[in-house]
């Protein structure tokens with residue numbers, strides 16, 4: 001039977017045998033009582049790695065961002081965020097629905113940033129007519145794009161100078177750090193810590209490029225994490241013997257960081273293999289996410305293309321813009337299969 005080449009997301013990965021063994025061997029307790037040693041070890045590990053006082057283990061990145069926003073903001077407050085940020089566009093409006101915190105979305109520029117002048121203009125004066133602007137939320141990577149370090153410093157300093165806190169949706173912060181390390185000839189941990197140093201809180205997803213089955217981590221100072229912990233309980237995120245999941249996270253942080261360069265290389269291989277097809281406009285990937293636009297009349301065949309790929313055991317998402325995400329369950333042969341299938345489709 002032909003194996004499936006799943007390019008829909010890096011969330012589709014299966015835990016490796018070594019990760020499963022670590023999960024099986026994990027010492028367990030009751031995390032609601034705070035005595036699961038594997039959870040505590042994971043929280044301490046990520047806090048130390050990124051330079052924070054404390055951290056909190058949560059089931060999902062959506063819940064992690066929600067707890068962060070609600071811990072930074074009160075009812076009637078607002079946060080500034082990009083139109084294409086995950087915590088605005090793809091998290092069900094949770095901050096507004098559950099936290100009564102209003103998002104103030106701004107246009108994302110082609111490089112994933114928001115214009116500094118737009119951020120400054122969006123900060124409301126202290127006036128009863130307006131929601132109180134309390135927080136700036138950035139995402140790195142944003143749609144697979146690395147936000148430049150200089151931009152992170154400038155944007156967060158602007159927010160700080162205006163009395164705002166700064167939150168990073170760093171679901172793929174280690175992908176960002178991998179790309180940044182290659183640019184400045186540094187290492188992943190150093191660059192991850194540099195990125196995190198700009199923010200009051202950072203959310204890190206374990207179940208994307210790092211390959212765990214479940215979980216995210218929220219980092220901040222102790223007072224902030226105490227508030228977030230209470231909110232996690234309110235929104236149903238208190239887990240019991242969660243150490244079996246936390247052990248996968250600790251294993252991933254110890255063993256799956258350096259290999260992220262492989263995912264980035266696969267995305268570039270896919271981009272190179274599709275470049276030159278007149279029906280496609282291929283973006284140059286910076287990390288593990290590749291966007292491909294169908295141009296001219298080709299976009300009318302997008303559904304047909306996705307069905308063609310599925311019949312060949314290749315899964316992807318999109319419409320007139322296709323998204324391909326590489327991860328640890330793929331290799332060069334899988335990427336070459338996808339290239340061949342797409343090229344065959346347009347030849348026919």
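Here is how the numbers come out for the structure above:
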read-out: Ranked list, fewest to most other Cβ atoms within 10 Å of each Cβ, for 90, 299; value: 90, 299
read-out: Estimated distance in nm for a label pair at residue 343 and residue 301, the labels positioned 7 Å out from Cα along Cα-to-Cβ; value: 1.6
read-out: Acute angle (nearest 10 degrees) that the helix 302-311 long axis makes with the longest principal axis of the chain, alpha-carbon atoms; value: 80
read-out: R0 of 45 Å, Cβ-Cβ distance residue 107-residue 255: FRET efficiency to nearest 0.05; value: 0.70
read-out: Square roots of five times the Cα gyration tensor eigenvalues for the range 117-248, Å; value: 27, 23, 11
read-out: Kirkwood estimate for the range 48-159, i.e. one over the average of 1/r between Cα atoms, Å; value: 14.8
read-out: Cα centroid separation - the range 184-205 against the range 47-71, whole Å; value: 14
read-out: The chain: angle of helix 149-161 to the longest principal axis, Cα-based, in degrees nearest 10; value: 30
read-out: For the range 259-347, the fraction of alpha-carbon pairs in successive 10 Å shells from zero, as %; value: 18, 56, 24, 2
read-out: Distance between the range 234-283 and the range 296-340 - C-alpha centres, whole angstrom; value: 17
read-out: In range of the label at residue 2: residues from the range 291-311 whose backbone nitrogen is under 20 Å from the point 7 Å along Cα→Cβ; value: 302-311
read-out: Length-normalised contact order of the chain in % [C-alpha pairs under 8 Å, at least 6 apart]; value: 25
read-out: Estimated distance in nm for a label pair at residue 90 and residue 221, the labels positioned 7 Å out from Cα along Cα-to-Cβ; value: 3.2
read-out: Three semi-axes of the equivalent ellipsoid, the range 15-255, Cα gyration tensor, whole Å, largest first; value: 29, 21, 14
read-out: Point-to-point label distance, residue 182-residue 312, nm (Cα→Cβ direction, 7 Å offset); value: 2.5
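Here, each number is a calculation from the coordinates, and none is a lab measurement. Fair warning: this is a prediction, and the values are worked out from it, not measured in the lab. For neighbour counting, all protein chains shown are included, and Cβ atoms are generated from backbone atoms with ideal geometry for every residue, glycine included.
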